[in-house]
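The values are calculated or read from the model by the stated rules, or taken from the named source; none is laboratory data. If you're wondering where the values come from, they're calculated on a predicted model, not measured in any experiment. Cβ sites come from the backbone with ideal geometry, for glycine too, and all protein chains shown count toward neighbours. Heads up: the accessible areas ignore ligands, DNA and RNA and are worked out on the full protein's heavy atoms, side chains in. Shrake-Rupley method; radii C 1.70, N 1.55, O 1.52, S 1.80 Å.
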Amino acid sequence: KQWYQRRVRAIGDNQLYNLRKLKHYVRNPGLSVTNQNDIREICLKKWEVPNEMRKRRLRERPMETAERLLNSTLFRGFPADLNQENVGAFSSRYSWKCHLRYGKPKL
């Protein structure tokens, strides 16, 4: 019981200290935390995370994103529109692919 009370008191004291510190920084926004970078390096080392800046991800076109996520080249090589001229290019009625397009249908 005494160990538990000491532990709870220690946690409460630690929280109180940090809340007072936070209050001090909120009241004085011009102050900066001097050891923030040191704490960051210690945490990254403990978590075994590389200490490098995040890189901006390259923007992909929607078709490239779909191919990467689906791990498929399903979206490549579609004819512009399926019509009487290009329908004969398929060897059977099962050898074609379909995708949805925006806009009005051409009949």
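From the protein chains alone at 1.4 Å, what is the descending order of accessible area for 34, 73, 65, largest first?
Final ranking, largest accessible area leading: 34, 73, 65.
Projecting each Cα onto the charge dipole of the range 1-45 (Lys/Arg +1, Asp/Glu -1 at the beta carbon, about the Cα centre), which of 18, 3, 28 comes out farthest on the positive side?
The one lying farthest along the dipole's positive direction is 3.
Arrange the peptides 4-14, 54-64 so that the one whose residues have, on average, the most other Cβ atoms within 10 Å appears first.
4-14, 54-64
Starting at 0 and stepping by 5 Å, how many percent of the alpha carbon pairs of the range 14-55 end up in each bin?
Taking all Cα pairs of the range 14-55, the binned fractions are 5, 18, 17, 19, 16, 14, 9, 1 percent.
Cβ under 13 Å from residue 35's Cβ, residue 35 left aside: what net charge do those residues give with Lys, Arg +1 and Asp, Glu -1?
With Lys, Arg at +1 and Asp, Glu at -1, the net is 0.
Taking θ as phi - 60°, what are the ³J(HN,Hα) couplings along the range 55-66 by the Karplus curve (6.51, -1.76, 1.60), each to the nearest whole Hz, with x for Gly and Pro?
Couplings: 9, 5, 6, 5, 7, 10, 6, x, 5, 5, 5, 4 Hz.
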